[in-house]
Amino acid sequence: MREYSVTETAKLIRQALREVFPKTNFSVRSKSYSGGSSIYVRWMDGPTEQQVRPILNAFEGAYFDGMQDMKIFYEQSEFKGERVQFCVDFVHGQRAVSFERLVEVGNRVCDQLGVPRVIIRRSDYDGSGWIDRGSSLLVDYTFHANEPLSLEEAISMIAHCDSAQEDLVNLIKRVASVVTWEMPQAVPELPRRVMLTKSGDPAS
């Protein structure tokens, strides 16, 4: 059985992401700490976190069991025709939305609702956008969607709601979180979990 180190796993993740989302620049960094290690993947705009998550999950070597309040290691995976094990515990992914894209989303949402546009500012750290909460208000609209959508599709799913009001900033953030700016360009070969029997053989 082959073992992939944390560094080797990070390289595989970077290759898979580049294959599927070639237009997006991903930052892939690893960190070791007492009791384990993690890989952190960050990117601006591009695909949603939901689109990227299946790729990241495939390379994790462990998961957290909330019922037992402990880390559980995956036994083995199958990758490129051989049995493998990944030495990294968790792979975290986080997308930031650029100032320009957040302005685009925020303006479209406000115009659709017929309310004053919110104030959006640019982060000096990475150029991402953030909404000034001082410009927020309560609106009689709601938004429920999880799957990746184009901006136009997301705007069309904002629904009027008479029974409750929603904070405008939170509404815009939710819309922005599902808007994708890059669809998958390929289907990567990813590791597959192997369930073992008590004797150590793959389960049929």
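The values are calculated or read from the model by the stated rules, or taken from the named source; none is laboratory data. Just so it is clear, the model here is predicted, and its values are computed rather than measured. FYI the Cβ positions are ideal-geometry reconstructions off the backbone, even for glycines, and counts take in every protein chain you see.
Key figures
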read-out: Neighbours by Cβ (under 6 Å, 6+ apart or cross-chain): first from segment 107-121, of a type in the set (Val, Ile, Thr); second assigned to a loop (DSSP other than H, G, I, E, B); value: ILE119/ASP132
read-out: Sole residue being under 19 Å from LYS23 (Cβ atoms) and in contact with a helix residue (DSSP H, G or I) (Cβ under 8 Å, 6 or more places away or on another chain), chosen from PRO116, PRO188; value: PRO188
read-out: Verdict on ALA186 being surrounded by 17 or more Cβ atoms within 10 Å (Cβ to Cβ) and aliphatic (A, V, I, L, M); value: no
read-out: Flag if TYR40 is modelled with pLDDT under 90, within 17 Å of the chain's Cα centre (by Cα), surrounded by 12 or more Cβ atoms within 10 Å (Cβ to Cβ) and not in a loop (DSSP other than H, G, I, E, B); value: no
read-out: Test: residue in segment 114-122 that is in contact with a Lys or Arg (Cβ under 8 Å, 6 or more places away or on another chain) and surrounded by fewer than 16 Cβ atoms within 10 Å (Cβ to Cβ); value: no
read-out: Residue in segment 4-23 that is surrounded by the fewest Cβ atoms within 10 Å (Cβ to Cβ), counting only those that are under 15 Å from the mean Cα position of the chain (by Cα) and of a type in the set (Val, Ile, Thr); value: VAL20
read-out: Candidates PHE26, PHE64, PHE99, PHE86 - the one that is in contact with a Phe, Trp or Tyr (Cβ under 9 Å, 6 or more places away or on another chain), surrounded by 14 or more Cβ atoms within 10 Å (Cβ to Cβ) and modelled with pLDDT under 95; value: PHE86
